[in-house]
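We did not get these values from a lab; they are worked out from the coordinates using the rules stated. Because the structure is a prediction, the values reported are computed rather than measured. Don't worry about glycine lacking a Cβ; one is built from the backbone with ideal geometry, like all the others, and counts go over all protein chains shown.
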Amino acid sequence: MAQVFFYFWIAVWFLQAAWAVRLWRLGLAACYPVLVTYLLASTLLGIGASLLHQVVAADPRGSVRVIYGWYWVVSQPLQWTLLFCVLVELYNNMLKGFRGFQQLGKLVMKGASATVGLLFLAMILLEKPSSEWKHFWAFNQRNIYVALTLLSLLLLVAALYFGLQVARNVRILYTAFAIYFASEAILRTIDGLGWKFPDDNVGYVISVVYAGCVLYPALSVSLDGETIRRPASPAWPHNRRAEAEISGGLQSFNDQLSRILRP
């Protein structure tokens with residue numbers, strides 16, 4: 001089973017790399033630089049972890065075991081930070097034309113990057129073994145994905161409330177990542193309650209869900225999908241006066257942010 005799992009992940013990494021190349025060939029890499037960075041970083045980190053794991057399996061008592069432990073501990077928060085930044089990037093795309101909100105989004109991504117840098121510095125200064133950090137991250141994986149799921153839901157509600165114009169590509173990407181976050185949160189919560197999965201490992205189930213969430217946008221994102229935009233809210237009758245007030249409030253807040261965050 002472990003060998004099948006290994007080849008399965010090779011296919012997922014190949015798919016991620018192919019998706020990044022496809023975004024570049026479509027000319028969409030400039031629209032989603034954080035997404036492309038995540039896809040490439042996730043692929044390289046996954047391949048590196050797999051190679052180190054193979055060495056450790058062949059020589060369990062070797063010095064590479066310590067390197068593998070630290071590799072996992074560092075790569076996990078890095079990938080989670082990139083996933084958070086991908087979510088912010090998608091929301092920035094929804095807010096095209098609202099310069100203030102887009103500047104705020106970029107500031108949030110810079111803050112997240114600085115935070116993970118400080119975290120890595122703390123790992124060095126605290127001088128704790130990698131096993132303690134690994135236990136800490138493994139214990140908090142569920143909480144991290146619950147937070148990402150709640151953030152996805154909050155941003156969706158905001159998009160619906162303000163009736164933002166959303167590109168088809170963004171809808172596809174947002175749906176895929178939201179499903180992945182929610183699946184991770186739900187499956188890890190169920191696993192924490194003591195329910196059993198195949199081979200008592202929730203990772204097998206999550207990996208299949210993740211593969212589907214990568215395959216769907218990799219095949220569906222297109223060049224035309226970037227120009228086709230429609231309101232995020234459903235097509236039901238609206239109160240025009242309320243719509244105007246909401247739109248005016250959003251524009252006013254955007255103007256204030258533009259003045260505050262002016263470079």
note = Once both label points are put 7 Å beyond Cα along the C-beta direction, the Val208-Phe136 separation in nm becomes 3.5
task = May I ask you to order 110-122, 39-51 by the average number of other C-beta atoms within 10 Å around their residues, highest value first?
result = 39-51, 110-122
ask   = With each pseudo-label sitting 7 Å past Cα toward Cβ, what's the Gln3-Gln79 distance in nm, one decimal?
value = 2.4
5 angstrom amide H check on Tyr32, placed H, neighbours 5+ away = none
inquiry  = Using the Karplus curve 6.51 cos²θ - 1.76 cosθ + 1.60 with θ = phi - 60°, what ³J(HN,Hα) values do you get for each residue of the stretch 173-183, in whole Hz, with x for Gly and Pro?
reply    = 5, 5, 4, 4, 5, 5, 5, 5, 4, 5, 5
ask   = Given a Förster radius of 30 Å and the C-beta distance between Arg99 and Ala29 as r, what FRET efficiency does 1/(1 + (r/R0)^6) yield to the nearest 0.05?
value = 0.85
note = Expected unfolding gain across Thr37-Ile228 under the 0.36 nm per residue rule, minus the alpha-carbon gap, is 66.3 nm
query = Where Lys and Arg each count +1 and Asp and Glu each count -1, what net charge lies around Tyr145 among other residues with Cβ under 15 Å from its Cβ?
reply = 0
remark   = The FRET efficiency for Ile47 and Leu150, from their Cβ-Cβ distance with R0 = 41 Å and rounded to 0.05, is 0.85
By average C-beta atoms within 10 angstrom, highest first, the peptides 158-164, 222-228, 88-94 = 88-94, 158-164, 222-228
query = To the nearest 0.05, how large is the calculated FRET efficiency for Ala58 and Asn143 if R₀ is 25 Å and r is the Cβ-Cβ distance?
reply = 0.15
